[in-house]
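The values are calculated or read from the model by the stated rules, or taken from the named source; none is laboratory data. In this text the structure is predicted, and so the values were computed from the model without any measurement. Cβ: placed from backbone, ideal geometry, glycine included. Neighbour counts: every protein chain shown. Just so you know, the surface numbers come from the protein's heavy atoms only, side chains and all, with ligands and any DNA or RNA stripped out. Shrake-Rupley method; radii C 1.70, N 1.55, O 1.52, S 1.80 Å.
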Amino acid sequence: MDILKRSSSIWVPELVSNLDIFWDNIEESLSKSTTDGASYIFPLQRFIFAFLSKTLLGADPSRRPKIAESGYAMLNRWLALQLLPTVPIGIFQPLEEIFLHSFAYPFFLVSGDYNNIYEFIKEEGKQVITRGQTEFGLSQEEAMHNMFFMLGFNAFGGFSVFLPSLIETIASDETGLQEKLRKEARDNGGSQLSFESVKEMELIQSVVYETLRLNPPVPLQYARARKDFRLSSCDSAFDIKKGELLCGYQTLVMRDPNVFDDPEAFKPDRFTKERGAELLNYLYWSNGPQTGSPSEFNKQCAGKDHVTLTASLFVAYLFRRYNSIKGNSSSITAVEKAK
Ligand code: HEM
């Protein structure tokens, strides 16, 4: 949270300059592509990696050609090794459980990638690591580990899952939503985008929230009860004993018909107006309500507000640059530039 606070003045300028590079890149691929459009996953991850390295670490990947070229791919391999034991692959059961989900994979498979990123953080992110040591009493090893995990797993991993689902939602829409988003992005928020701009973009924010509601990027949460307590829902109550393992499944929680009208439907303006503000109490993608505050006393995502603000700015940027876009979860097939 200290890092996020300190990076607030460069957050939006870095976002915008890295988005310029990302979309230039997509346009170039589109101009060369004859068939399926421009595949955007890796360019998007390159953008996420560069943007987060600058904002969270204060480190510029372009100073290290190997990292600039494939830092995102190194993180992908490191992430895959940790996630493989937990994610469903769809192989015939019980083979998947026995062969893929029963053990942790050996570190040596990704140690080369890990060490490259480690060195990058250690050298280029020196200031942040030193601050962890001097201001927060961490050892250098602890500060390094925390930065690595937050950059690679929390932030890079989270945005790598979330942004494609946001792009797909918008780029595949055929209900006239793009026109409304374009109008809002251009009529509001001042000439230069800032965190303040988003406050005037209610529909864009609502689309971001609704995408997170239907496709929470981290759907499962586990925790062990620290004390006995009673867990209540709209229609039941459960006595939980200290030490019991609990699992929360956000996808189910955020489709509760007691709370959300027509819960399976994507309603772009669901989170607008007074009723929308109230529904934020039930939006749990960050491991806590959207109206809650992450702190050292809970396990809510420390980047909660940065995630929704950044995603809203991503959409606002998109509709200031383009009149419309077409695409799906992996490719952009067409863009029409603003005149
Ligand atoms: C779309 C992007 C993101 C998603 C979907 C996401 C989601 C989450 C979730 C679900 C948790 C709770 C994990 C658990 O305990 O089971 C979490 C924790 C956390 N997130 Fe995020 N996050 C995102 C981006 C970020 C960013 C940009 C940052 C940092 C700058 C960040 C920092 C953290 C930290 C430090 C925690 C641990 C909090 C704690 O244990 O007290 N996250 N995130």
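List of remarks:
- Any hit, the range 273-280, residues being touching a Phe, Trp or Tyr at 6+ places or on another chain (Cβ under 7 Å) and not hydrophobic (A, V, I, L, M, F, W, C): no
- Residue ID - least open to solvent (accessible area, probe 1.4 Å), chosen from residues in the range 281-302 that are touching a residue at least 24 places away in the same chain (Cβ under 8 Å) and either of a type in the set (S, T, N, Q) or away from the ligand (no atom under 16 Å from the Cβ) (or both): GLN290
- In the set (1) in contact (Cβ under 8 Å) with a residue 40 or more places away in the chain; (2) within 17 Å of the chain's Cα centre (by Cα), ILE332 fails one condition alone, (2).
- Selection status of ARG46, within 28 Å of ILE167 (Cβ to Cβ) and among the charged types (D, E, K, R): yes
- Inter-residue pairs, beta-carbon under 8 Å, first at positive phi and in the range 227-250, second open to solvent by less than 100 Å² (accessible area, probe 1.4 Å), 6+ apart: GLY243/ALA225
- Residues of the range 12-49 that are among the aliphatic types (A, V, I, L, M) and either touching a Lys or Arg at 6+ places or on another chain (Cβ under 6 Å) or open to solvent by 20 Å² or more (accessible area, probe 1.4 Å) (or both): VAL16, ILE21, LEU30, ILE41.
- Cβ-Cβ distances below 6 Å connect no pair with a first residue in the range 263-278 that is more than 21 Å from ILE170 (Cβ to Cβ), a second residue that is assigned to a helix (DSSP H, G or I) and β-branched (Val, Ile, Thr), and a separation of six or more residues or different chains.
- Of all residues in the range 330-339 being β-branched (Val, Ile, Thr) and open to solvent by 10 Å² or more (accessible area, probe 1.4 Å), the one that is farthest from GLU27 (Cα to Cα): THR333
- Elements of type helices (runs of 4 or more DSSP H) in the range 178-266, at least 1 residues being open to solvent by 100 Å² or more (accessible area, probe 1.4 Å) and within 13 Å of LEU313 (Cα to Cα): 195-199
- Condition check for GLY152: assigned to a loop (DSSP other than H, G, I, E, B) and either at pLDDT 95 or above or not hydrophobic (A, V, I, L, M, F, W, C) (or both): no
- Subset of the range 138-168 [touching a Ser or Thr at 6+ places or on another chain (Cβ under 7 Å) and more than 14 Å from the ligand (Cβ to nearest atom)]: GLU168
- For the range 303-329, a residue qualifies if it is within 16 Å of the ligand (Cβ to nearest atom), crowded, with 19+ Cβ neighbours inside 10 Å and among the small types (Gly, Ala, Ser), and the qualifying residues are GLY303, ALA311, SER312.
- Tally of residues being farther than 30 Å from ALA223 by Cα and acidic (Asp, Glu) across the range 292-339: 1
- Within the span defined as the range 86-95, every residue fails to be modelled with pLDDT under 95, among the small types (Gly, Ala, Ser) and open to solvent by 80 Å² or more (accessible area, probe 1.4 Å).
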